[in-house]
Amino acid sequence: QVQLVESGGGLVQAGGSLSVSCAASGHTFNINTGAWFLQAPGKEREFAAAIIWIVSSTYYADSVEGRFTISRDYAKNTLYLQMNSLKPEDTAIYYCAARSGPVRSARNEYDYWGQGTQVTVSS
């Protein structure tokens, strides 16, 4: 089993920056892919970004490409999401997720989830 715990998030003005972190523990050797999903109020949880844990290749949804950066600290088993040029529509609960297989964008493909952290962007 893998446990994921997010931290960070909060309130920021539009155009600002914020970062969230996700500490992994347990059987972290099982992780091949780490990802961030976001769930806006009244909407489905959707893919934002993913990273291949060992080689650090990254993948982004069109909506965040160029504004968000996913990264990981291999030694610390920690996943990060740096968010720049934030927009009010980025307001959501941000979840980190992990899976033992290759990168996927469908949420039901992920085995492990954090509890989520709120990011609110004011206009």
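Observations, loosely collected:
- Whole-percent P(r), the chain, all Cα pairs, 10 Å bins from 0: 15, 51, 29, 5, 0.
- GNM flexibility winner over the chain from Leu11, Leu86, Leu38 (Cα, springs under 10 Å): Leu11
- Relative contact order (%) - criterion: Cα under 8 Å, at least six apart; region: the chain: 36
- Taking all protein chains into account, the per residue accessible area for the chain stands at 50 Å² (1.4 Å probe).
- Counting only protein heavy atoms and a probe of 1.4 Å, the accessible surface of the range 49-92 is 49% carbon and sulfur.
- For the range 24-107, the list of GluC sites (Glu not before Pro) that fall in a loop by DSSP and count at most 16 other C-beta atoms within 10 angstrom reads Glu44, Glu65.
- Solvent accessible area, Å² - Ser21, 1.4 Å probe, full protein context: 30
The values are calculated or read from the model by the stated rules, or taken from the named source; none is laboratory data. The model shown is predicted, which means the values in this text are computed figures rather than measured ones. Counting neighbours? That spans all protein chains shown, and the Cβs are built from the backbone with ideal geometry, glycine included. Heads up: the accessible areas ignore ligands, DNA and RNA and are worked out on the full protein's heavy atoms, side chains in. Shrake-Rupley method; radii C 1.70, N 1.55, O 1.52, S 1.80 Å.
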